[in-house]
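S.K.: Before I ask anything, let me first share the structure, which is written out below as structure tokens.
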Amino acid sequence: MKLRALVVGLLAGSLALTACGQSGSPGGSGAPVVSNAPAADVQVAGSPTFDAMKARGAVIIGVKDDQPGLGFKDATTGQYSGFDIEIARLVAAQLGFAADKIQYKTVPSAAREDTIERGEVDYYVGTYTINDNRKKRVSFAGPYFVAGQGLLVKSDNTDITGPQTLKGKKVCSVTGSTPIQRVRDQGLTEPQNIVEFQTYTQCVDQLLAGQVDAVTTDDAILKGYASQQPDQLKVVGETFSTEPYGIGLKKDDAALRGKINDILQASYDDGTWQKIYDETLGKSGSPASPPALQRY
Ligand code: GLU
């Protein structure tokens, strides 16, 4: 009996400690930052995607689930949290879908265009840079944030300070991402030193294990990892690209794109976007304000 009580006590203590240690981490508990009551009588005339959502009675949103502060799934509670998740929820609510009518689908960077084209998600919110190449296959509402490529290294690293210091170093990034493409195009390190995986978590694990020297992707993503392990990881140098984040949609669904842009604009104007940012990404990043939409 006594031993059991002791074990239970120790467990409770360590749980409390864990919870305490994470209290400052981005993304919080997973509870929505804004109330997200679903809008009534929403119409999106001429949107096949919206028609499909209505017929299904649910919205399927493509996300990342391993990017703390942005798109993160808590393995214990199953709850999603982060800036991208909040934006995804806000859009769902304004399209008339309550939180319990959202189905999240994890889609890695390399599979985004295929997944959207096949209609396996209604829209995608996951650190997805708007660019002309991708616009050949999908379309984008937004941007709803602007990030920039950065570098994550071990805390004790002193020789990597920016993109020009990567020669001869092993650099990890994700298949199908703009940062890995930039490393290749600009020859920032030798082809044999470029290590690629499907997720940034895999790159971070390689960094912690000493298998690679740096992880490169958007600063917003890297800051999330660094804030989880501040003793072991740090983000270094200035950003060296512009990554405007868009909500990915079917290429031809201009009606839904216009509607989501209206939803974003309203959240910029009424302070909802700011609240979401400050409560999620803003905790591990820098202050930010909403970007100008690129309607096209
Ligand atoms: N924003 C960049 C991209 O869309 C990097 C982040 C990611 O891979 O999601 O490729």
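The values are calculated or read from the model by the stated rules, or taken from the named source; none is laboratory data. Since we're looking at a predicted model, the values are computed, not measured. Positions of Cβ are generated from backbone atoms using ideal geometry, with glycine treated the same way; all protein chains shown enter the neighbour counts. Surface areas here come from the heavy atoms of the whole protein model, side chains and all, with no ligands, DNA or RNA. Shrake-Rupley method; radii C 1.70, N 1.55, O 1.52, S 1.80 Å.
S.K.: Take residue 207 and tell me if it is open to solvent by less than 10 Å² (accessible area, probe 1.4 Å), within 23 Å of the chain's Cα centre (by Cα), within 18 Å of residue 241 (Cα to Cα) and not basic (Lys, Arg).
M.R.: Numbers: open to solvent by less than 10 Å² (accessible area, probe 1.4 Å): yes; within 23 Å of the chain's Cα centre (by Cα): yes; within 18 Å of residue 241 (Cα to Cα): no; not basic (Lys, Arg): yes.
No; evaluated as a whole, the condition is false for this residue.
S.K.: Within the range 153-178, which residues are free of Cβ contacts under 8 Å to residues at least 60 places away in the same chain and of a type outside the set (S, T, N, Q)?
M.R.: The answer is 156, 159, 166, 167, 168, 169, 170, 171, 172.
S.K.: List the helices (runs of 4 or more DSSP H) inside the range 76-185, counting only whole elements, that have at least 1 residues being within 27 Å of residue 47 (Cα to Cα).
M.R.: In the range 76-185, 83-94, 112-117, 132-135 are the helices (runs of 4 or more DSSP H) which contain 1 or more residues that are within 27 Å of residue 47 (Cα to Cα).
S.K.: May I ask you to list pairs of residues, at least six apart or on different chains, whose Cβ atoms are under 6 Å apart, with the first in the range 130-152 being more than 12 Å from the ligand (Cβ to nearest atom) and the second being aromatic (Phe, Trp, Tyr)?
M.R.: 144/245
S.K.: Please go through the range 97-112 and give me each residue that is away from the ligand (no atom under 16 Å from the Cβ) and open to solvent by less than 70 Å² (accessible area, probe 1.4 Å), ordered by number. Full working, then the answer.
M.R.: Looking only at the range 97-112, we keep the residues that are away from the ligand (no atom under 16 Å from the Cβ), and these are 97-103.
Within the range 97-112, 97, 98, 102 meet the criteria.
S.K.: Considering every residue within the range 138-150, establish whether at least one is under 26 Å from residue 233 (Cα atoms), under 15 Å from the mean Cα position of the chain (by Cα) and surrounded by fewer than 20 Cβ atoms within 10 Å (Cβ to Cβ).
M.R.: Yes: the range 138-150 contains one or more residues that are under 26 Å from residue 233 (Cα atoms), under 15 Å from the mean Cα position of the chain (by Cα) and surrounded by fewer than 20 Cβ atoms within 10 Å (Cβ to Cβ).
S.K.: Go through the range 171-203 and give me each residue that's more than 16 Å from the ligand (Cβ to nearest atom) and in contact with a Leu (Cβ under 9 Å, 6 or more places away or on another chain). Explain how you work it out, then say what you get.
M.R.: Step one: of the range 171-203, the residues more than 16 Å from the ligand (Cβ to nearest atom) are 187, 189-193.
Across the range 171-203, the qualifying residues are 189, 193.
S.K.: So which residues in the range 263-275 are loosely packed, with under 15 Cβ neighbours inside 10 Å and free of Cβ contacts under 8 Å to residues at least 60 places away in the same chain?
M.R.: Restricting attention to the range 263-275, the residues satisfying the condition of being loosely packed, with under 15 Cβ neighbours inside 10 Å are 266, 269-271.
269, 270, 271, listed by residue number.
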